[in-house]
Structures are given as C-alpha cells and as structure tokens.
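We did not get these values from a lab; they are worked out from the coordinates using the rules stated. Note that the structure is predicted; figures quoted are calculated from it, not measured. Note: ideal-geometry Cβ built from the backbone for every residue, glycine included; neighbour counts use all protein chains shown.
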Amino acid sequence: MTFTAEFFTFLTFTAVIMVHHCKAAALPPPTELSYEWVDAFTVNVTWKKPSGLQHEKVWYKYCLALDLPQSCVCVNSRNFSATLLTQETGSGNWTYFVWTVEDCNSPNESTKVPKIIRTPKPRAEVKDIKCIITGTREMNCSWIPGNPANTPLKLSYRICGCTTELIKPLRECDPYVGAGRHWCYLTADGVKNDTCVSFETDTGMSTLQIAPMIDPPVFIIGEEEGDTLKLSWVHPKIGVNCIWIYTVCYKKCSHSEECHDYTTQGEPVFIPYDKSCRYEFSSSVKTDRYCKTVFSERGKVVSIGTNEPADETLTVISIVLPVILSVCIFLSCYCFRRHSAIICPVIPDPSAIFKEMMMNGNKELKTTVGSLYTPVPEPIESCKVDLVTDNLVVPLNS
C-alpha cells in the first residue's frame, strides 16, 4: 500500500505540473498591431487585447529588434510611444516585437509578434551637418544636401522626447545658401536641451538629434621654459561646471603628427620642446562623459620655431657620404684590376735565371750576350800631325 500511495502521489504531482505548463504555454499573443506617426520624430504603436485570457490585468513586453533583449519594456497598457530617428539606423525602417507575459518577471510568455514601422517618406540624404552654439546659446546650423536636385529643404525642429509636453507643433526656419552650404538659425537652447531636427523635401525626409558644437578653443603658446613649452587655452563660456578635455596635435621637424589629451581647469600644460625644430599646433576641445556632449573641430594651425640647417646638413651628410665612399671604393677596385700589371709587376727569380743559363751553356750565353746592349759607334775625325825639326827657327815678333 505504501508503494501504491507514493506512486499515485507522484503521478498526481506530474499531472499538475504538465497541466500548469500547458496553460502557461498557451498565452495568446497580442493582435492587430498598428502604428501612427504623431510628428516627424514620434510614433505611437497600439494593439488589441489577446482573446481567451481570463485575467483582467494583462502584461505585455515590447522591444526594438536592435535592442532585443537588453532594453525590453514591460507595460500593462496596449500602446507605447517612441522617438525614432533615421540617423540612428541609416534607414527609414524599424521592427518592434510585442508579446504577452504572465507578469514582468515570469518566463511564461507568448510568441513575439513583429511590427515593421516605416517613415512617411523615404530617407533623404544630408551630409556634413554642423550646429555651432552662439553667444546666446542658440545654434547656427549648416549642411550639404546629398542630392542638390531635391533642394530646397524644409527644416523643422523641437526638443527631443515623446511626452505630451514636448509633442507640439514644430518650429520652422528658412534656410539660405552661402559658401557652398545651406544655413539656418535655430532659436533653441543648444546647451540645456537635446534638439531633434527634421530635413524634409518633396520626396524624402531625414531626422536626427543635433550634436552641438562650439568654435575651436583660443590656443595660446607661452614662453619656453628650458626644454619645455607652455600651452594654455581660453575656456569656453558655456559649461562652466563641466570638465573640458583639450586635444593637442602637433608636428615637429619631419616627424609624423602626434596627438595628446589634457584635462585642465585653467592651469597651463607643458610639453617637451626641441628648439632646433619647427612646431605646428592645432587644438580641439570636448566635454567629458559626465556632461552633455559638446565638442569643437580642430582650430587653425599655430606654428613656432624654425628648422635649423644643422639638422638638414647632418641628414645630407649621413646619406651622401656613404654613397661617395662606395663609389670611390668601386673605382679603386676597378683601376687596380685594370692596371695590376703596372702596379704589381711580375719580378723574375734570379736563381731561376742563373740555373737556366748554366743548363743551356754557351749557346744560351751567346744568345744572351747577343741580346745585351751594344753602344752605337761614334764618328771619328782623322787628324794629321806634322813633325817639326830642330833647325827651324820661328821668328818672334818684336
């Protein structure tokens, strides 16, 4: 009986688990997903309650396909709103997944239902967008249209977000053309708020969040202090409580460019300095990760010093001198080989000559004598001498 009771209990427990599992796996998915664009940046997605659920309160999860499953959101409503920008995906299409769950922490869930969201117009290409924060904290924006045939562009903007307070009629500005770019002045606080912008033509639309910029920092090269050079900057007027990171790039003599980051609150920085080189500096600035992202482009090149000729002369010598020495060595070897008979004549061995003379005898001696040097006979003039007798008196002149 004991075994039978235990066996019956085991079967009952297994059946309960299987029934519960079947019920858990039977959660129906949401139906009739649809979406509507509230404005150029915000979309509202809705669906209907699954049929067959007995619970009055139903939970749902939704997630963008790119974020699945890290950024899934659990709600008990049958709709959600989201900000979608073409800049983030490089296209005008997004895919959301929505599914039913027993509760937010339960693994019991329905199948995921996808919904593709498309922008009202195809994506319009816009290049090299720059928005500079002005002295009044507003922004002067410029850009280059990707397709000049689609100009003029209509520019609209507002503070980013999908709350009711932020979703309101968009502001517009009238672009103008100058210096090969399109320009527009935005009356929005580029420091305090994130600004979303819509570029729209008759055939396309592009949306993005502005990355605010400032003018390049004022770069000051101080005096030389031994083997170091003092550098300093004029801090931006915005972001007083932010930490600014300055990037300095420089070239010296013929060396390649090198860049270094410096975090400073106003105090100067020092870099190694070679007085025999010419330095070319350029600088940019950006906020650290604890502040809103604001950055600048690299400023104009500032130079100091000159390249001394000594360095160039030394370089020339180090290159030319080995070449000259190599040529001289080559010519010396060539001349020596060509005139080796003159420079190093073959001297006969005297003992060998004497031995050969002894073996060949007089014949060889005659031949040798015949070959000796014979002086050329000189002409001899004949001379006649007359004898003088004793009786001959030679008169003397008185």
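Measure up Lys130/Lys286; Lys237/Lys292; Lys130/Lys154; Lys121/Lys192; Lys49/Lys168; Lys168/Lys292 against 21 Å on the Cα-Cα distance and list the ones that go over. Each step should come with its number before you reach the end.
Details: Lys130/Lys286 15 Å; Lys237/Lys292 15 Å; Lys130/Lys154 16 Å; Lys121/Lys192 31 Å; Lys49/Lys168 29 Å; Lys168/Lys292 24 Å.
From the list (Lys130/Lys286; Lys237/Lys292; Lys130/Lys154; Lys121/Lys192; Lys49/Lys168; Lys168/Lys292), the Cα-Cα distance tops 21 Å for Lys121/Lys192; Lys49/Lys168; Lys168/Lys292.
How much net charge surrounds Glu172 when only the other residues with a Cβ under 14 Å from the Cβ of Glu172 are counted, with Lys and Arg +1 and Asp and Glu -1?
Details: positive: Lys154, Arg158, Lys168, Arg171; negative: Asp39, Asp174, Glu200.
Spelling it out: positives minus negatives among the neighbours equals +1.
With a point put 7 Å past each Cα toward its Cβ, work out how far Thr31 is from Tyr334 in nm, to one decimal.
In this crude spin-label approximation the distance works out to 9.9 nm.
Only sites in a loop by DSSP and with at most 16 other Cβ atoms within 10 Å count here; which trypsin sites (Lys or Arg not before Pro) in the stretch 157-256 make the cut?
Taking the stretch 157-256 and a limit of 16 other Cβ atoms within 10 Å, the loop trypsin sites (Lys or Arg not before Pro) found are Lys192, Lys237.
Note down the relative contact order for the stretch 216-285 as a percent, whole number, built from C-alpha pairs under 8 angstrom at least six residues apart. Mind showing how you got there, number by number?
Details: 125 pairs, mean separation 27.2, N = 70.
The normalised contact order for the stretch 216-285 reaches 39 percent.
Rounded to the nearest Å, what's the spacing between the alpha carbon centres of the stretch 209-245 and the stretch 255-301? Just the number, please.
Cα centroid to Cα centroid, the span is 7 Å.
Does the stretch 23-118 come out rounded, prolate or oblate, given a ≥ b ≥ c as the square roots of the eigenvalues of its C-alpha gyration tensor, rounded meaning a/c under 1.5 and, failing that, prolate meaning a/b above b/c?
On the way: a/c = 2.41, a/b = 1.84, b/c = 1.31.
Judged from the Cα gyration tensor, the stretch 23-118 comes out prolate (a/c at least 1.5, a/b above b/c).
Using 0.36 nm per residue, how much length does the chain from Ile245 to Glu257 gain when fully extended, once their Cα-Cα distance is taken away?
Working: separation 12, 0.36 × 12 = 4.32 nm, distance 1.91 nm.
Working it through step by step, the gained length comes to 2.4 nm.
Classify the stretch 131-195 as rounded, prolate or oblate, taking a ≥ b ≥ c as the square roots of the eigenvalues of its Cα gyration tensor: rounded when a/c is under 1.5, otherwise prolate if a/b is larger than b/c and oblate if not. Don't skip to the end; give the middle numbers.
Working: a/c = 2.69, a/b = 1.46, b/c = 1.84.
Oblate.
Of the chymotrypsin sites (Phe, Trp or Tyr not before Pro) in the stretch 204-291, which ones lie in a loop per DSSP and count no more than 12 other C-beta atoms within 10 Å?
On the way: sites: Phe219, Trp233, Trp244, Tyr246, Tyr250, Tyr262, Phe270, Tyr273, Tyr279, Phe281, Tyr290; in loops: Tyr273, Tyr290.
Sites meeting the loop and neighbour criteria: Tyr290.
So which GluC sites (Glu not before Pro) in the stretch 260-345 pass both tests, a DSSP loop state and at most 15 other Cβ atoms within 10 Å of the Cβ? Walk me through the numbers on the way to the answer.
Details: sites: Glu280, Glu297, Glu312; in loops: Glu297.
Passing both the DSSP loop test and the Cβ count: Glu297.
Could you please report the charge total around Phe295, scoring K, R as +1 and D, E as -1 over all other residues with beta-carbon less than 14 angstrom from its beta-carbon? Intermediate values should be presented prior to the final figure.
On the way: positive: Lys130, Lys286, Arg289, Lys292, Arg298; negative: Asp215, Asp261, Asp288, Glu297.
For residues surrounding Phe295, the net value is +1.
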